[in-house]
Amino acid sequence: MMESFLAVAVLLVACAAGEDVCTVELAAAGLGLAQEISALRNAENECKLNRTSEACTLALLEAQKLMATPLVAFSAASHACANESAKCTADITKSQAAAYRSLGHIQDATVACRAGTEGCNLDVTAALTEASEAAVDLVPATTSCLSFASAVQGSLQCKADIARGTADLAVLSSDLKKTFTACTNNATSCYADSVAVGKDLDNIAAVMQKATTDCTGLSSACDADISAAATAIEAAVQAAADAQKNCSQGGGDGCISDIATILATTTKATLNLLEASTDCKNSN
């Protein structure tokens, strides 16, 4: 829950300081979707085991509750980003629509699972698919919703890097939790999942390398935030390299430890980037 609370805190600071609320709201939506996807994966597992169990019902109710975070952020983003490009509006609308479709499937699944009907598992899977689509659809908005008119508040390219890094980390978060589950259960997908996570981290590291250049000199706080995020990602990349060695047999203590390290370091990087979204303003 910490990521969502921090996203709200950053938003309040941004509003008070007159910062670019649009990109902050999009970051909050991305983090909320990552948390939602994790909750839906848990619901999918519980309901496959026993669709009429209390654990299945509680997991679905939790997923339904958590969906409020990204939906509220989407609503706020629609207003905050209203003066941006037409593509920005379209990108937000597309992602928001997928999130609402996911909520509808969660509500249908809750009824179907209580009744013990086949529609239970189908709706849970559909909800997870739509939530994942919403996260993927949100990525283009992180660049299309940057206004040239707001360039006086900071480096446009720096903002784009921060938004892209935040969105990519949000999507990676759900994949990491899936990998952690697979490796904990010694699933055959453990090694392949760890390799995919490593590739995603390499791409994020490239974004952070670019941000280190684009954001330099905007403010000392900005420099510190970007440096801390880049350092955390470097640690995650190293842990991913270790994981590919230790997870080759499908799990084990070393493998699980490496995945946990990636989760911790990427969460730290996300929090640093959320702070950077307000600190990286042009001081001129």
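The values are calculated or read from the model by the stated rules, or taken from the named source; none is laboratory data. Note that the structure is a prediction, hence the values are computed from the model and not measured. For neighbour counting, all protein chains shown are included, and Cβ atoms are generated from backbone atoms with ideal geometry for every residue, glycine included. When the accessible area is computed, the model is the full protein with side chains, heavy atoms only, and any ligands, DNA or RNA have been set aside. Shrake-Rupley method; radii C 1.70, N 1.55, O 1.52, S 1.80 Å.
Conditions tested, residue by residue: (1) closer than 16 Å to A59 by Cβ; (2) surrounded by fewer than 17 Cβ atoms within 10 Å (Cβ to Cβ); (3) modelled with pLDDT under 95.
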position	(1), (2), (3)
A76	no, no, yes
C81	no, no, yes
C88	no, no, yes
I92	no, no, yes
S102	yes, no, no
H105	yes, no, no
R114	yes, yes, yes
E133	no, no, yes
D137	no, no, yes
**Message:** So, D223, is that one under 19 Å from T179 (Cα atoms), open to solvent by 40 Å² or more (accessible area, probe 1.4 Å) and either modelled with pLDDT of 95 or more or in a helix (DSSP H, G or I) (or both) or not?
**Reply:** no
**Asked** How many residues are surrounded by fewer than 17 Cβ atoms within 10 Å (Cβ to Cβ) and under 20 Å from D202 (Cα atoms) if we restrict to the range 243-262?
**Response** 5
**Item:** Which listed residue, of A29, A112, is in a helix (DSSP H, G or I) and in contact with a Leu (Cβ under 7 Å, 6 or more places away or on another chain)
**Value:** A29
**Prompt:** If you go through the range 20-29 one residue at a time, how many are of a type in the set (G, A, S) and either open to solvent by 10 Å² or more (accessible area, probe 1.4 Å) or over 25 Å from T93 (Cβ atoms) (or both)?
**Reply:** 2
**Message:** With the structure loaded, tell me whether T261 is under 18 Å from L31 (Cα atoms) and under 19 Å from the mean Cα position of the chain (by Cα) or whether it fails that test.
**Reply:** no
**Request:** Report whether or not Q35 is buried (at least 16 other Cβ atoms within 10 Å of the Cβ) and touching a Leu at 6+ places or on another chain (Cβ under 6 Å).
**Result:** yes
**Complete:** Subset of the range 79-105, residues free of Cβ contacts under 8 Å to residues at least 12 places away in the same chain and assigned to a loop (DSSP other than H, G, I, E, B), comes to A82
**Prompt:** Which of (1) at pLDDT below 85; (2) polar (S, T, N, Q); (3) out of contact with any Gly (no Cβ under 7 Å at 6 or more places or on another chain) does N186 not meet, given it meets every other one?
**Reply:** (3)
**Considering residues of the range 38-55 that are under 14 Å from A115 (Cα atoms) and touching a residue at least 60 places away in the same chain (Cβ under 8 Å) only, the residue surrounded by the most Cβ atoms within 10 Å (Cβ to Cβ)** = C47
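Return yes or no: is A127 open to solvent by less than 10 Å² (accessible area, probe 1.4 Å) and under 22 Å from E54 (Cβ atoms)?
Details: open to solvent by less than 10 Å² (accessible area, probe 1.4 Å): yes; under 22 Å from E54 (Cβ atoms): yes.
Here the answer is yes, as A127 does meet what is asked.
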**Qualifying position, being within 24 Å of D225 (Cβ to Cβ) and not charged (D, E, K, R), among A135, A115** = A135
**Prompt:** Limited to the range 189-220, what total is found for residues that are outside any helix (DSSP H, G or I), open to solvent by 50 Å² or more (accessible area, probe 1.4 Å) and either of a type outside the set (S, T, Y) or at pLDDT 90 or above (or both)?
**Reply:** 1
**Complete:** Among (1) free of Cβ contacts under 8 Å to residues at least 12 places away in the same chain; (2) of a type in the set (V, I, T); (3) within 18 Å of K177 (Cα to Cα), V111 falls short only on (3)
**Request:** List every residue pair whose Cβ atoms lie under 9 Å apart, where the two residues are 6 or more positions apart in sequence or sit on different chains, the first residue falls within the range 253-276 and is in a helix (DSSP H, G or I), and the second residue, located anywhere, is of a type in the set (K, R) and surrounded by fewer than 17 Cβ atoms within 10 Å (Cβ to Cβ).
**Result:** G254/K245; C255/K245; D258/K245
